[in-house]
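Scroll down for the structure; my scribbles are underneath it.
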Amino acid sequence: MNTARKTAVALLMSAPLLLLAPSLRHAVESRMALHMLFEFPLLFAAGFAAFHGLGILRRLRAVRLLAGLDHLGIAGLTAASCVFAFWMIPAALDAALIDPATATAKYLSWWIAGLACANAARRAPAEIRIFFLGNGAWMSATAGLLYLDAPDRLCVNYLFGDQTQAGQGLLILALILIAAALRGTRTSHAACAT
């Protein structure tokens, strides 16, 4: 790994530490769209980067054992999908804002989801990665449409306008995931053609 990449990985791994500052954490978590579309991906990306940046993680016996049990990466990708689905639930967002234990579970679950996804994606064939990207797009679009179409606020701690912005952002995220899946399909077909 070259120096620029090592620096980028180190910065990404340490970025969630910024959330330890109460004023910054409050600024991010006070807006539903930032909470879901900035904080969650940041925590996920930090876990993903930690797997690649901290070689010791790949050498841990537990990680090697999990890799042996997760031959095609399906278990790791399923775990990451479950984390993604759980934190789309409005009651989970509300609980994370008022209960420190739930907030800690949120931070850890997203970080571990990134770690699990990085560990699993190395072994998963293109078809499995495309399936999970498509599933993530479907979940994101469904949650986004529910947030947009709900006549009332779904989260106690967020205003209706926040809910609308989060819904729009989740639809954009769905399009990004679809684009990534389509890119994976093209890459897979190119590999098969050669």
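The values are calculated or read from the model by the stated rules, or taken from the named source; none is laboratory data. Keep in mind that this is a model prediction, so the values were computed, not measured. So basically every Cβ, Gly included, is an ideal-geometry build from the backbone, and we count neighbours across all protein chains shown.
Can you tell me which residues in region 118-140 are crowded, with 19+ Cβ neighbours inside 10 Å, assigned to a helix (DSSP H, G or I) and hydrophobic (A, V, I, L, M, F, W, C)? Within region 118-140, A118, A120, I130, F132, L133, A137 meet the criteria. Only residues that are at pLDDT below 95 and not in a helix (DSSP H, G or I) were counted in region 34-93, giving 8. Within region 95-104, can you find the residues that are of a type outside the set (V, I, T) and surrounded by fewer than 16 Cβ atoms within 10 Å (Cβ to Cβ)? Residues satisfying the conditions are D99, P100, A101. Go through the residues of region 155-166 one by one and say whether even a single one is crowded, with 19+ Cβ neighbours inside 10 Å and over 14 Å from L37 (Cβ atoms). The answer is yes, given that some residue of region 155-166 is crowded, with 19+ Cβ neighbours inside 10 Å and over 14 Å from L37 (Cβ atoms).
Each row is one residue, and each column tells you yes or no for (1) over 24 Å from A50 (Cβ atoms); (2) touching a strand residue (DSSP E or B) at 6+ places or on another chain (Cβ under 8 Å); (3) not charged (D, E, K, R).
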residue	(1), (2), (3)
A124	no, no, yes
I130	yes, no, yes
G134	yes, no, yes
W138	yes, no, yes
A141	yes, no, yes
A150	yes, no, yes
R153	yes, no, no
Y158	yes, no, yes
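Would you call S109 surrounded by 15 or more Cβ atoms within 10 Å (Cβ to Cβ), in a helix (DSSP H, G or I), free of Cβ contacts under 8 Å to residues at least 40 places away in the same chain and not hydrophobic (A, V, I, L, M, F, W, C)? Answer is yes for this residue. Scanning region 97-131 for residues that are more than 16 Å from the chain's Cα centre (by Cα) and among the hydrophobic types (A, V, I, L, M, F, W, C) yields a total of 6. So V156 clears everything in (1) over 21 Å from E29 (Cα atoms); (2) more than 19 Å from the chain's Cα centre (by Cα) except one condition, right? Which one? Here V156 meets the rest and fails (1). Among the residues here, A174 qualifies as more than 25 Å from H26 (Cβ to Cβ), in a helix (DSSP H, G or I) and modelled with pLDDT of 90 or more.
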